[in-house]
Amino acid sequence: VQLQASGGGLVQAGGSLRLSCAASGSILGINVMGWHRQCPGKQRELVASLSSRGSTNYADSMEGRFTISRDSAKNTVYLQMNSLKPEDTAVYYCYLWIATSRDAYWGQGTLVTVSS
């Protein structure tokens, strides 16, 4: 399984960006796709996740501004980020966790820079 993330870039505070992450390969059974991020000088943290059964999970600081969605037919997960703040500047990593094998896969990371 490989993950390919895209959509990062430079945006002004208050702006929006949409990240995409496409998974290729064999994905069978219950799974979770989502995003983590690593802000400069900080540890990687959960942003949001969405299971194949439709359950979502958001970090408190992002709920209401970020929306995760997925196209199961395309094995693609999206992260719509609105009202971006400079503190959202980070490398965003998509991931896929497969329940049956308990394997986790990570994308290469995409940089989001929010200017003030």
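Some notes on this structure:
- Residue satisfying all of: in the range 91-111; closer than 14 Å to residue 6 by Cα and either touching a Lys or Arg at 6+ places or on another chain (Cβ under 8 Å) or acidic (Asp, Glu) (or both); surrounded by the fewest Cβ atoms within 10 Å (Cβ to Cβ) among these: 91
- Of all the residues in the range 17-36, those that are within 12 Å of residue 112 (Cβ to Cβ) and open to solvent by less than 60 Å² (accessible area, probe 1.4 Å) number 3.
- Among the residues making up the range 1-36, a single one is under 15 Å from residue 85 (Cβ atoms) and either of a type in the set (Ser, Thr, Tyr) or in contact with an Asp or Glu (Cβ under 6 Å, 6 or more places away or on another chain) (or both): 16.
- Residue in the range 41-58 that is open to solvent by less than 50 Å² (accessible area, probe 1.4 Å), within 26 Å of residue 10 (Cβ to Cβ) and part of a loop (DSSP other than H, G, I, E, B) present: no
- Scan of the range 64-82 for residues that are outside any strand (DSSP E or B), of a type outside the set (Lys, Arg) and open to solvent by less than 60 Å² (accessible area, probe 1.4 Å), ordered by number: 75, 82
The values are calculated or read from the model by the stated rules, or taken from the named source; none is laboratory data. For clarity, every value in this text was computed on a predicted model and none was experimentally measured. All Cβ positions, even for glycine, are placed from backbone atoms using ideal geometry, and neighbour counts span all protein chains on display. These area figures cover heavy atoms from the full protein model, side chains too; ligands, DNA and RNA do not enter into them. Shrake-Rupley method; radii C 1.70, N 1.55, O 1.52, S 1.80 Å.
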